[in-house]
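A short write-up of the structure that comes next.
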Amino acid sequence: MNNYQYDDYYNYLATEVISPFYAKRLEKLHSLKLKDVLRRKNPYLFKAKNFELAGDLIKSIVDAFLSSHEETIFGNLLEGFAVYVSQKLYGGIKSKFKSIDLEFEREGLYYIVGIKSGIHWGNSDQIATMQNNFKMAKSQLRQQGISGKIEAVNGCIYGKEKTPLKTNLDPEENYYKYAGQDFWHFISGDDHLYREIIKPIDQEVRQKDETFKKAYSSKINEMTQEFMKDFMTMIIK
């Protein structure tokens with residue numbers, strides 16, 4: 001892959017992945033209210049876990065809240081990047097079928113791809129639903145005129161899958177599961193893309209992380225003061 005293509009990908013990652021990711025993180029952080037979080041958390045945890053400082057408890061609450069959203073947000077944004085790469089290289093399109101995010105044709109094969117963040121994304125029922133949706137999509141695509149072989153793929157943005165081919169009693173539900181470097185190679189045909197996308201991510205994060213850290217510290221201080229004022233008296237009694 002040439003430098004022009006990498007530059008194009010770097011620009012996409014900076015503007016369409018990292019920038020909106022930090023914007024969404026800041027939005028989540030600013031919207032966080034102590035009373036809303038404590039509806040889902042037991043304030044007596046402060047005593048039970050023997051936190052020495054109220055700030056330690058608040059930090060643990062804020063960190064848990066942010067981490068529960070970040071993987072989904074970042075995964076969805078990188079999903080968009082995978083679609084973008086396929087569009088640039090093979091004329092791929094965003095799919096309208098359930099469980100499927102991407103469709104593209106390459107070397108006589110028509111691929112339908114469902115993209116997830118990590119390899120442990122669903123339980124057996126969710127996987128069965130995906131397989132059935134693959135089967136229905138194949139049927140509908142053939143009705144629409146796709147005459148060649150259709151391959152279903154479950155692509156995972158990170159991780160490692162040792163046995164990519166997943167077979168079933170019904171061959172129409174067979175699919176491949178590619179993860180991490182194998183997934184990015186499948187999407188792009190480039191063995192190095194998996195590592196190359198780290199470069200712009202690292203550069204952009206360094207620029208934006210300072211702003212986030214300041215907002216994070218401010219939120220911790222604000223919520224700690226509120227906690228000390230409204231909840232500590234109740235807990236100590």
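Coordinate-derived values only; no laboratory data. In this text, all values refer to a predicted model and were calculated from it rather than measured experimentally. Methodologically, a virtual Cβ is constructed for each residue, glycine included, from the backbone with ideal geometry; neighbour enumeration extends over all protein chains shown.
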Using Cα atoms only, what is the angle between the long axis of helix 54-90 and the major principal axis of the chain, expressed in degrees (0 to 90) to the nearest 10? 20
Select from the stretch 80-161 those trypsin sites (Lys or Arg not before Pro) which occupy a DSSP coil region and have at most 13 other Cβ atoms within 10 Å, ordered by residue number. Lys96, Lys98, Lys149, Lys160
Arg106's amide H: which non-local residues (gap 5+, or another chain) put their own amide H closer than 5 Å, with H modeled 1.01 Å from N in plane and none for Pro or chain starts? Tyr111
Under the classification rounded if a/c is under 1.5, otherwise prolate if a/b is larger than b/c and oblate if not, where does the stretch 60-121 fall, given a ≥ b ≥ c as square roots of the Cα gyration tensor eigenvalues? prolate
To test your reading of the geometry: what angle, between 0 and 90 degrees and rounded to tens, separates the Cα axis of helix 198-230 from the longest principal axis of the chain? 30
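Using the crude model of +1 on Lys and Arg Cβ and -1 on Asp and Glu Cβ, and no other charge, please compute the dipole size for the stretch 3-236 relative to its Cα centre, in debye to 20.
780
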Residue farthest toward the positive end of the dipole of the chain, with Cβ of Lys/Arg at +1 and Asp/Glu at -1: which of Trp184, Tyr22, Ala152? Tyr22
Rounded tilt (10° steps) of 3-12 against the dominant C-alpha axis of the chain: 50
Given the candidates Ser31, Gln5, Gln140, the one whose Cα lies deepest towards the positive end of the charge dipole of the stretch 3-236, counting +1 at each Lys or Arg C-beta and -1 at each Asp or Glu C-beta, is Ser31
Whichever aspartates and glutamates have a C-alpha closer than 12 Å to that of Lys138, once near sequence neighbours (fewer than 8 apart) are set aside: Glu103, Glu151, Glu172, Glu173
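Hand me the GluC sites (Glu not before Pro) from the stretch 59-164 located in a DSSP loop with no more than 15 other Cβ atoms within 10 Å, in residue order please.
Numbers: sites: Glu70, Glu71, Glu79, Glu103, Glu105, Glu107, Glu151, Glu161; in loops: Glu107, Glu161.
Passing both the DSSP loop test and the Cβ count: Glu107.
Of Ser99, Ser147, how do they rank once you tally other Cβ atoms within 10 Å and put the fewest first?
Details: Ser99 22, Ser147 8.
Ranking Ser99, Ser147 by Cβ neighbours within 10 Å, fewest first, gives Ser147, Ser99.
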What aspartates and glutamates could a cross-link reach from Lys116, if we take a straight Cα to Cα line under 12 Å and drop same-chain neighbours fewer than 8 places away? Glu71, Glu79, Asp101
Between the stretch 72-97 and the stretch 133-187, the alpha-carbon center distance in angstrom: 15
Holding the Cα-Cα limit at 30 Å, pick out from Lys177/Lys214; Lys28/Lys94; Lys160/Lys213; Lys162/Lys213; Lys28/Lys177 the pairs that are longer than that. Lys177/Lys214; Lys160/Lys213; Lys162/Lys213; Lys28/Lys177
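Whole number please: convex hull volume per residue, Cα atoms of the chain, in Å³.
Details: hull volume 36.9 nm³, N = 237.
Dividing the Cα hull volume of the chain by its residues yields 156 Å³.
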